[in-house]
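**Student:** Following this message is one structure expressed as structure tokens.
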Amino acid sequence: MSLNSVINSTFQFVKDRFPVEKLNYHSMVEKKEVPVHKMSWGYYTGGLTMFFFMIQVVTGLFLLFYYQPTVSEANVSVEYINKYVAGGSLIRNMHAWSSSCMIFCAVLHLLTAFAMKSFVKPREITWIAGVLLLFITFTFGFTGYLLPWNQIAVNATKVGLQSIEYIGEYLPGQLADVPRIIRETFQGEASVGQSTLGRFYALHVVILPLTLVSLLGLHLLSVQIHGMSQGVDKPAKKSEKFMSIFIFKDLSLWAFIFLCLFTVSMCIPFESFLPYPLLAPYNPLGSTPAGIKPEWYFFFVYYPLEMLPFWVILLASMILVGVLILTPWIFKGASRKTLGFLTILASLYLVVMTIFGEQIYELFKH
Amino acid sequence: MSFSNTETVENSKDLKQIDLKLKTNLSLIAFASSLALSFMTANPAQAYPEYQAFVEKNSKRSINCAMCHINEGGPVGNSKGQIGSLSEEELKLLSKARIAFEPGSDVHSPILNEFGNKIISAVGKKKFLEYKTSPEKLAAALGNESDLDTDGIPDAQEYLDGTDPLNKFHGEPVKLFWINLNRCKTHVILTVLAVISINFGLLSLVKGISSIKKK
């Protein structure tokens, strides 16, 4: 294959995914139709994820007014927001609850898109951008977890960063140093401290949001250009206009979800699920309290990591990431029935590990 | 020989002196030990792990000494809120708290937090020590009137739930939900109305844009 043909096929690939003739309001909005069938609810999961991201941005901006990213001030400033800022505890709770909801919806969106085979040509770029968006969302969760600078935040981050370094033990030659370099880059000093907090803060409030917005732009543009995927094997008999029937429904759903989020944030402090010793300000001289664990959305990898050898999880994670990125090509010929079955299996694993992971781990330990 | 006799005499004098010194030192040590022992027996300087074990078993939540003490590590040590760090004035307050055997005393122990002082004040040291063998009785003795953090969950219930009785943002989530929903119902109703209005406005806007485009 000559260089010329590679360039030509790449150009054709991009041209097919972003056809210039479709880059107008008429094609992308007015003409757009949304199929109506039994899996139609799946079309709303992406919008909901974006809605929770918008809540994250707004509440995060309010929190920026008061939060101090220094080891001496971080926890005090969070306490100040909770206790003395008008509506501070509500805003902080909305930020915490919506972060969990965003991750839940992002995973649900990925699973439904997979089951509906929404990744086939010409939607490969939409899929890959979506997978990258999911990874960024998880990174948001990881970096945001440290910011309150309490016992669980710092100790869980220590464990998380240490896990990155372990990867080096399984890599050959000079590659073995790469995970250590990555950990040191994120950590910034010998142990988790001021440099780590500063770097995580920069990642959480500047680098990740900018990356996410850029990728989200690409993802949404791609969705609008190609429209909603068929979603089911037989073409849907009914369809509805994106503008304004689908938008109507989407906005109404957002309004309902906002009310639920507002009520829950008003009534249940997110941290009340954790034992209070874990919420105490981090004490570098004190002992590590019992019960340190990551946020619930990492349980699917955390508990297996506790039960199985590290290399098993590492290998499984690498395969999973590879399969997710290459899904449009690996599952190109798979039927929706097969994809649906795989989705059910994956969902079962996620639900069981998230809800019963701790019990399974206890059983395994004894 | 004489030399040795003289030496023996001198030696015996020395031995007597040493014996005397030893006796004095021993009696001093014995006095100090008995003083320390009597102080420790009368004033145990440890927290009461029976309560912690009960709460953790009952609530299935891990807790630490900070539920009742100022310092999360308990009362022994030199850090803030621990006996070793107390001033003379604070030691007097501590002694006063330690003899508050009956309920109703004004207790301001410098090693206890507000909830710890409340317990001693409400049930008295005597009963508190009795409940060590049945820590569940402490909740009943505390009653449901006191709610130091004003989160709506009584302190006694927070003790049973293993949640922080001094933090209004910490409590059993389901209980907090119903209490706060009841407290904030006006806010919730107003928000429902606001969201419905905004949504109606937005939908009308979308409808308008859509009809303009059609024309």
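The values are calculated or read from the model by the stated rules, or taken from the named source; none is laboratory data. Just so you know, these numbers come straight off a predicted model, no measurement behind them. Every residue, glycine among them, receives a Cβ derived from its backbone with ideal geometry; neighbour counts consider all protein chains shown.
**Student:** For the structure I just gave you, tell me whether B:Thr163 is within 14 Å of chain A (Cβ to nearest Cβ), touching a His at 6+ places or on another chain (Cβ under 9 Å) and of a type in the set (S, T, N, Q).
**Tutor:** So B:Thr163 fits the description; yes.
**Student:** Would you list the helices (runs of 4 or more DSSP H) that sit entirely within segment A:256-366 and hold 2 or more residues that are of a type in the set (Phe, Trp, Tyr) and under 27 Å from A:Thr59 (Cβ atoms)?
**Tutor:** A:299-307
**Student:** Right, next: Does segment A:226-241 include one or more residues that are within 14 Å of chain B (Cβ to nearest Cβ) and over 22 Å from the mean Cα position of the chain (by Cα)?
**Tutor:** Yes, segment A:226-241 contains at least one residue that is within 14 Å of chain B (Cβ to nearest Cβ) and over 22 Å from the mean Cα position of the chain (by Cα).
**Student:** Is it the case that A:Gln187 is more than 10 Å from chain B (Cβ to nearest Cβ) and more than 26 Å from A:Trp127 (Cβ to Cβ)?
**Tutor:** So A:Gln187 fits the description; yes.
**Student:** Ok, one more. If A:Phe273 meets every condition in (1) within 28 Å of A:Ala346 (Cβ to Cβ); (2) more than 7 Å from every other protein chain (Cβ to nearest Cβ) apart from one, which number is that one?
**Tutor:** All conditions are met except number (2).
**Student:** Let me ask something else. If A:Asn283 satisfies every condition in (1) closer than 27 Å to A:Phe18 by Cα; (2) at the interface with chain B (Cβ under 10 Å from one of its Cβ atoms) but one, which is the exception?
**Tutor:** Single failed check for A:Asn283: (1).
**Student:** Scan segment B:172-191 and give yes if some residue there is assigned to a loop (DSSP other than H, G, I, E, B), facing another protein chain (nearest Cβ under 9 Å), over 16 Å from the mean Cα position of the chain (by Cα) and under 22 Å from B:Asn58 (Cα atoms), otherwise no.
**Tutor:** yes
**Student:** Hey, which of the helices (runs of 4 or more DSSP H) in segment A:68-168, taking only ones fully inside, have at least 3 residues that are more than 17 Å from the chain's Cα centre (by Cα) and farther than 21 Å from A:Ala190 by Cβ?
**Tutor:** Ranges flagged: A:74-84, A:88-115.
**Student:** Which one of B:Lys118, B:Lys137, B:Lys127, B:Lys168 is closer than 22 Å to A:Ala280 by Cα and touching a helix residue (DSSP H, G or I) at 6+ places or on another chain (Cβ under 8 Å)?
**Tutor:** B:Lys118
**Student:** For the subset of segment A:319-344 comprising residues that are within 20 Å of the chain's Cα centre (by Cα) and among the hydrophobic types (A, V, I, L, M, F, W, C), which member is surrounded by the most Cβ atoms within 10 Å (Cβ to Cβ)?
**Tutor:** That would be A:Leu324.
**Student:** If A:His219 satisfies all but one of (1) crowded, with 20+ Cβ neighbours inside 10 Å; (2) within 14 Å of chain B (Cβ to nearest Cβ); (3) touching a residue at least 40 places away in the same chain (Cβ under 8 Å); (4) farther than 30 Å from A:Val76 by Cα, what's the number of the condition it fails?
**Tutor:** The failed condition is (2).
**Student:** Another question about this same structure. Among the residues in segment B:94-104, are any assigned by TED's automatic domain parsing to the domain that holds B:Thr133, farther than 25 Å from A:Leu285 by Cα, in contact with a Lys or Arg (Cβ under 9 Å, 6 or more places away or on another chain) and small (Gly, Ala, Ser)?
**Tutor:** Yes, because at least one residue in segment B:94-104 is assigned by TED's automatic domain parsing to the domain that holds B:Thr133, farther than 25 Å from A:Leu285 by Cα, in contact with a Lys or Arg (Cβ under 9 Å, 6 or more places away or on another chain) and small (Gly, Ala, Ser).
**Student:** Any residue in segment B:178-193 that is over 24 Å from A:Ser252 (Cβ atoms), crowded, with 16+ Cβ neighbours inside 10 Å, touching an Asp or Glu at 6+ places or on another chain (Cβ under 9 Å) and not aliphatic (A, V, I, L, M)?
**Tutor:** yes
**Student:** State the number of residues belonging to segment B:86-100 that are in contact (Cβ under 8 Å) with a residue 24 or more places away in the chain and part of a loop (DSSP other than H, G, I, E, B).
**Tutor:** Residues that pass the stated criteria total 3.
**Student:** Return a yes/no flag: does segment B:76-88 have any residue that is under 14 Å from B:Lys125 (Cβ atoms) and either buried (at least 20 other Cβ atoms within 10 Å of the Cβ) or of a type in the set (S, T, N, Q) (or both).
**Tutor:** So far as segment B:76-88 goes, no, none of its residues is under 14 Å from B:Lys125 (Cβ atoms) and either buried (at least 20 other Cβ atoms within 10 Å of the Cβ) or of a type in the set (S, T, N, Q) (or both).
**Student:** Quick check on segment B:127-137. Is at least one of its residues away from chain A (no Cβ under 14 Å), among the aliphatic types (A, V, I, L, M) and surrounded by 21 or more Cβ atoms within 10 Å (Cβ to Cβ)?
**Tutor:** The answer is no, given that none of the residues of segment B:127-137 is away from chain A (no Cβ under 14 Å), among the aliphatic types (A, V, I, L, M) and surrounded by 21 or more Cβ atoms within 10 Å (Cβ to Cβ).
**Student:** Quick check on A:Pro294: is it within 30 Å of A:Lys117 (Cα to Cα), touching a residue at least 12 places away in the same chain (Cβ under 8 Å) and either more than 10 Å from every other protein chain (Cβ to nearest Cβ) or of a type in the set (Asp, Glu) (or both)?
**Tutor:** no
**Student:** Ok, one more. Right, A:Val312: more than 7 Å from chain B (Cβ to nearest Cβ), more than 16 Å from A:Thr157 (Cα to Cα), of a type in the set (A, V, I, L, M) and surrounded by fewer than 19 Cβ atoms within 10 Å (Cβ to Cβ) or not?
**Tutor:** yes
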